[in-house]
1. Using r as the Cβ-Cβ distance of C21 and A91, and R0 as 25 Å, what FRET efficiency do you calculate, to the nearest 0.05?
2. Take the Cβ-Cβ distance between L34 and L152 as r, set R0 to 22 Å, and report the resulting FRET efficiency rounded to the nearest 0.05.
3. If amide H atoms are built 1.01 Å from N in the plane of the peptide, which residues on other chains or at least 5 residues away come under 5 Å of the amide H of M69?
4. Which whole-Hz couplings ³J(HN,Hα) result when phi for each residue of region 105-110 is put into the Karplus expression 6.51 cos²θ - 1.76 cosθ + 1.60, θ = phi - 60°, listed in order with x for Gly and Pro?
5. For the pairs K43/K86; K103/K124; K40/K72; K67/K92; K72/K112, flag any whose C-alpha to C-alpha distance is greater than 20 Å.
6. Could you name the aspartates and glutamates whose alpha carbon sits less than 20 Å from that of K120, not counting residues in the same chain fewer than 8 places away?
7. Can you compute the label reach from K120? Point 7 Å from Cα along the Cβ direction, backbone N cut-off under 14 Å, restricted to region 59-83.
Amino acid sequence: MINGTPIPVFLAWSTVFTVLCIILAVVLAIFIVLSILGRKMQKKQADNQEAMQQASQIMSMLIIDKKRMRLKEAGLPQIVVEQTPKYMRRAKLPIVKAKVGPKIMSLICDDKIFPVLPVKKEVKAVVSGIYIMDIKGSRNNLETAGKKMGRLARMRMKAEQTLQENQNTKSGKKKS
């Protein structure tokens, strides 16, 4: 009611429709901006990865210790800590202490190969600066530690196994 007179129904619906259209336009604009920024960041990451591949070299090293720790606690050079974005300084990174030649160094490891790295063993690794990118060779077999699965992952695995068994039985019946 405006000054004692009722608001017509079509006027109330048009207001709601206008507000919804504005909200939809804002969400659409945000989505477009984020997709453009995402593409640019993907391209930048691919370029950086290619540059790291070109600057990499194979080194033989003795892995002393490996841990996930913050950048400041890792014992990395101060320039590395300063060049790291502020939001990443608090994140825990996979850090490897290794003896490379006569020096003991702290290196940052790739997340994919961190669980596979053997402790107190000698390995040949692909290194770019202070970043371990890959393991080329080891005197012992590289095995991943058995990671505990959560309840949801176990249920998914059982469902996939059941589906495969059902498909195998169906394909076996059709061939007969």
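1. Working: r = 40 Å, r/R0 = 1.61.
Efficiency computed from Cβ-Cβ geometry: 0.05.
2. Numbers: r = 28 Å, r/R0 = 1.28.
FRET efficiency, L34 to L152: 0.20.
3. L93, I95
4. Listing the rounded values in order: 10, 9, 10, 8, 10, 6 Hz.
5. Too far apart for the 20 Å limit: K43/K86; K40/K72; K72/K112.
6. D65, D110, D111, D134, E143
7. Hits in region 59-83 for K120 at 14 Å: 63-66.
FYI, it's all coordinate maths here, none of it is from the lab. Note that the coordinates shown come from a computational prediction; the quantities given were computed from them, not determined experimentally. Every residue, glycine as well, gets a Cβ built from its backbone with ideal geometry; the counts of neighbours run over all protein chains shown.
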